Amino acid sequence: MTAAGACSLCLALAFASHALAAFEVRDATPAALGAASLDLASDPFFTSAGYSASTSHTTLYQSDGLTSERAAVAFAGRSARLVATWNQLGFPGAREHVLRLDIEETGTRAVLLSMVAERLALALDGEPSRGGLTAGISILARVTLPRGSLECVLAGDRLARTGGLDGLGVEPSVPFALRLRSGAIALAWMDRWEPSGRASPRLVLDLALGRAARVRMARGMKPERSGAAIAIRRGRLEVSAGRLDLDKGGTVGGVGLALVSPDRGGRGGRP
Amino acid sequence: MTRSHFAGQPRRRFAMMRWYRRLRSFPGFAARGAFWIFLAAVATPGIALGQADSAAGGPAWLPLPVEDIDRPELLDELLAPELGLLVRADLKDGALRQARSAVEASAARVIAGISLLTGADGETQAVTGFARTARLAVDLGRLAARGLSPLAAEELGQAPRSGRVPPPGLRSPAFGSPASSASALMDGVALAWRGRHRVWALRARRADDGSTVRALGMGVQGRRAAMSATLGRAGPSAVADLAAELRTREGRGVVAVEAARGASGTAVIAMIARSAGPLRVQGRWRWRSRELRGVSSEIAGEAGSRRAKLRLRLAGNSSGPTGSSSRVELEGRLVPAGQGPLAVRFGSTRAESFSNGAGYHASIERFAIAEMQVASADGRTLTLLASRRDKETVLGVRRGTSLGGRLALAWRERAGLEIQLEGVRADKDGAAWSSGLYAGGATALRTTTRPGIAASARGALRLGRWTLGGLVEQRDDASGARATAASIWIGRQLRESGRG
């Protein structure tokens, strides 16, 4: 019955977009919607030092009750950033729950490492929860250019999995990104390769509008899709909204709210 | 294929008929040409022709396909600045026909002019007159709109509903003489007050269906901000359009939004663009409320220097009730020291559709275009051209290739001549691109579905204030058919070159 429940959730997502499977939505925050990247962990709009807490709510594909809620706390120190995230996705009676812990190296080194651990669980009404643990790594290499920088990110997502995830369709993948930064602009080519050979490339544009606003736009392929998001920070409050539209039909829209510690000028590190 | 010795006889008779028709048409053409030359001779020196206001091809590095150009009729518009007189004639089916003429004169700080557009059969298709001062402009007769806000233009029937996402329109429109009869034409009058604060009004009747078009607009242009508003009605449907733009202090970033509400619902276009260091990016996004899948977008990024540049562009939109269309392009340009440029473009387009009759249909087209300047010396430049298109459908892969060269000759900045020769191969049901030269000076890629040889030449000679130009194209198909077309034009500049 658990498999049937997983199938029903997959079917709901598949009905909305045949590119998605169980636990495939990593991030449905406005930052991810703007990057047309439900299948990748998003980069924050603003980089800040100290504590931050954020929450978001997203409705998926106009399917009745199909939503995603997320809450995260983060602490960025001198040499590392720690992010703990809780995410749920589904509809009443069938929900995916993901607890995620990111430990990221920060600083000015040319090569930075990070590790990710996740606890995935599928909860169906009247049935015991089923799931397991996953782990992955990510490497960021930064090349300084005369008037900007080039960043290359290569990750192994869900490389290690516990046996409880067998039969739920959780597979490893290789996300990678090439990002050019210059001043207030960042332009990234991102993709995620899966064991089946499937890929979903996208071009993501980040733009700073002054110190208080960030705009993110993206265009993705396979499936063809558009993403757009905006974030505004005022004092310790950050508000964001995003939207993802599939060319073949289907819209995902979300809003987010974050409380951040006062800006102390930033400490570099990961974008 | 071997052809009979007598195979060309009937064709030769037809050729004589074409010569006869050309001679028959000549007196009328000559009379009209003489009329315009007379006007030019008596016109005061303060004359300037109203030119097309748009670079139809856009800021492309390599020529764009004609089907990707929003207003291809502007390709034939002569964009030479400050031409006081223009007479352009086209040769088609052996007959020379006056195509477009315009003249203007000035007195007491008022510039007035008239232009004439003639169809392929010699019939007059548009007569347009105007009078302008430094601030006030009046245009009347058969008009074509240029620079109208894209969403308002769609609602008023002045532009087709574009699949591509245009930038928001903040310029005040110009209503002037049409470049060709393919434009959306109106009969009426337009008034405009120009300057930092702009106001314009239009009252006209659409030439195609006779419906009345009334529109009123205003715009304000500041140092870092601009806005424009348009109210219009075409027949029973009305539209309200509002556009605003903000620029960063140093002018390297732009945020622009246009919103319109009309008979086809609400539509919004948002655009952001910014440059920093070697990086330039632009994103456009459009939403239409009445469409089931109403969002289209286009993202482009460009990086590099004058010697080496790279550009990546992704675009896509829904097409019809169930289809979609998307494109990805990577374009590069390299200029090695002391050598000519090498430019290449790779890309693919994907189109999907579904209909009850034809079922699901998908096609993927991959293409590559290259231009390489081989040598340039003593006013002579040779550039090699090559293109390839592979279209993949459920029926298989259809290929089309073209290979050729362009010789550019220049003589003391007084005369220039471009001669282009291309061989085209295309599978059955396949398509290839060939580079097309246009009277306006642009080059664009034309789709051809049959193999053949295409030759074309475009040149201009400047003698004092006079400019004489011409364009000749000839294409021989594999079937033995030959098609020839030509245009000639005469222009008179406002003043001698080099003196202002």
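The values are calculated or read from the model by the stated rules, or taken from the named source; none is laboratory data. Keep in mind the model is a prediction, meaning the values are calculated, not measured. Glycine gets a Cβ as well: all are built from the backbone with ideal geometry, and neighbour counts include every protein chain shown. Each accessible area value is taken on the protein alone, full model and side chains, heavy atoms only, with ligands, DNA and RNA left out. Shrake-Rupley method; radii C 1.70, N 1.55, O 1.52, S 1.80 Å.
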key: Filter result for the condition that a residue is closer than 25 Å to A:Asp157 by Cβ and in contact with a Lys or Arg (Cβ under 7 Å, 6 or more places away or on another chain), over A:Leu207, A:Leu259, A:Leu246   = A:Leu246
remark   = Among A:Ala241, A:Ala177, A:Ala188, A:Ala228, the single one that is closer than 30 Å to B:Ala362 by Cα, in a strand (DSSP E or B) and in contact with a helix residue (DSSP H, G or I) (Cβ under 9 Å, 6 or more places away or on another chain) is A:Ala228
query = Are any residues in the stretch B:283-293 at the interface with another protein chain (Cβ under 8 Å from one of its Cβ atoms) and modelled with pLDDT under 90, and if so, which ones?
reply = B:Leu292, B:Arg293
task = Just give me the residues in the stretch A:38-87 being over 25 Å from A:Lys222 (Cβ atoms) and of a type in the set (Phe, Trp, Tyr), in sequence order.
result = A:Phe45, A:Phe46, A:Tyr51, A:Phe75, A:Trp86
request  = Exactly one condition in (1) among the charged types (D, E, K, R); (2) without any contact (Cβ under 8 Å) to a residue 24 or more places away in the chain; (3) more than 9 Å from every other protein chain (Cβ to nearest Cβ); (4) over 24 Å from B:Leu151 (Cβ atoms) is not met by B:Arg280; state its number.
outcome  = (3)
Options A:Leu40, A:Leu112; residue that is open to solvent by less than 30 Å² (accessible area, probe 1.4 Å) and part of a strand (DSSP E or B) = A:Leu112
ask   = Does B:Leu330 qualify as being over 15 Å from A:Gly227 (Cα atoms), among the aliphatic types (A, V, I, L, M) and at the interface with another protein chain (Cβ under 8 Å from one of its Cβ atoms)?
value = no
message = Looking at A:Thr67, A:Thr108, A:Thr144 in this structure, which one is in contact with a strand residue (DSSP E or B) (Cβ under 6 Å, 6 or more places away or on another chain) and either among the polar types (S, T, N, Q) or at pLDDT 95 or above (or both)?
response = A:Thr67
inquiry  = Against the conditions (1) surrounded by 16 or more Cβ atoms within 10 Å (Cβ to Cβ); (2) closer than 28 Å to B:Ser106 by Cα; (3) of a type in the set (Ser, Thr, Tyr), where does B:Ser149 fall short? Just the number, please.
reply    = (2)
request  = Kindly list, by first and then second residue, each pair from a residue in the stretch B:228-256 that is within 30 Å of B:Pro278 (Cα to Cα) to a residue that is hydrophobic (A, V, I, L, M, F, W, C) and open to solvent by less than 40 Å² (accessible area, probe 1.4 Å), limited to pairs with Cβ atoms under 6 Å and residues at least 6 apart or on different chains.
outcome  = B:Ala243/B:Leu170; B:Glu245/B:Leu170; B:Glu245/B:Ala226; B:Glu245/B:Ala256; B:Arg247/B:Val254; B:Val254/B:Ala273; B:Val255/B:Ile272; B:Ala256/B:Met271
request  = Filter the stretch B:467-491 for residues that are part of a loop (DSSP other than H, G, I, E, B) and in contact with a strand residue (DSSP E or B) (Cβ under 7 Å, 6 or more places away or on another chain) and give the result.
outcome  = B:Ala478
task = May I ask you to say which residue of B:Arg311, B:Arg290, B:Arg307, B:Arg345 is farther than 30 Å from B:Glu258 by Cβ and of a type in the set (D, E, K, R)?
result = B:Arg307
Residue that is within 14 Å of another protein chain (Cβ to nearest Cβ) and either touching a residue at least 40 places away in the same chain (Cβ under 8 Å) or crowded, with 21+ Cβ neighbours inside 10 Å (or both), where the choices are A:Arg192, A:Arg202, A:Arg158 = A:Arg202
query = Is it the case that some residue within the stretch B:412-435 is at pLDDT 90 or above and touching an Asp or Glu at 6+ places or on another chain (Cβ under 6 Å)?
reply = no
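Condition check ((1) more than 8 Å from chain A (Cβ to nearest Cβ); (2) of a type in the set (Val, Ile, Thr); (3) touching a Pro at 6+ places or on another chain (Cβ under 8 Å)) across all residues:
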| residue | (1), (2), (3) |
| --- | --- |
| B:Gly301 | no, no, no |
| B:Ser305 | yes, no, yes |
| B:Ser318 | no, no, no |
| B:Gly323 | yes, no, no |
note = Screening B:Val213, B:Val189 for residues that are assigned to a strand (DSSP E or B), open to solvent by 30 Å² or more (accessible area, probe 1.4 Å) and touching a Gly at 6+ places or on another chain (Cβ under 9 Å) leaves only B:Val189
request  = Could you tell me whether A:Gly220 is farther than 25 Å from B:Gly277 by Cβ, within 16 Å of the chain's Cα centre (by Cα), of a type outside the set (A, V, I, L, M) and within 13 Å of another protein chain (Cβ to nearest Cβ)?
outcome  = yes
query = In the stretch A:223-258, what count of residues is obtained for those that are at the interface with chain B (Cβ under 8 Å from one of its Cβ atoms), in contact with a Phe, Trp or Tyr (Cβ under 6 Å, 6 or more places away or on another chain) and either under 22 Å from A:Thr85 (Cα atoms) or open to solvent by 50 Å² or more (accessible area, probe 1.4 Å) (or both)?
reply = 0
ask   = Counting just the residues of the stretch A:75-94 that are buried (at least 20 other Cβ atoms within 10 Å of the Cβ) and without any contact (Cβ under 8 Å) to a residue 40 or more places away in the chain, which one comes out farthest from A:Glu171 (Cα to Cα)?
value = A:Val83
request  = Could you tell me which numbered condition B:Arg345 fails, if it satisfies all but one of (1) within 9 Å of chain A (Cβ to nearest Cβ); (2) buried (at least 21 other Cβ atoms within 10 Å of the Cβ); (3) within 27 Å of the chain's Cα centre (by Cα)?
outcome  = (1)
query = What about B:Arg274, is it more than 25 Å from the chain's Cα centre (by Cα), more than 14 Å from every other protein chain (Cβ to nearest Cβ) and modelled with pLDDT of 90 or more?
reply = no
query = What are the residues in the stretch A:116-148 that are touching a residue at least 40 places away in the same chain (Cβ under 8 Å) and either of a type in the set (Ser, Thr, Tyr) or surrounded by fewer than 16 Cβ atoms within 10 Å (Cβ to Cβ) (or both), if any?
reply = A:Glu127, A:Pro128
request  = Tally the residues that are assigned to a strand (DSSP E or B) and open to solvent by 40 Å² or more (accessible area, probe 1.4 Å), restricting the search to the stretch B:365-385.
outcome  = 10
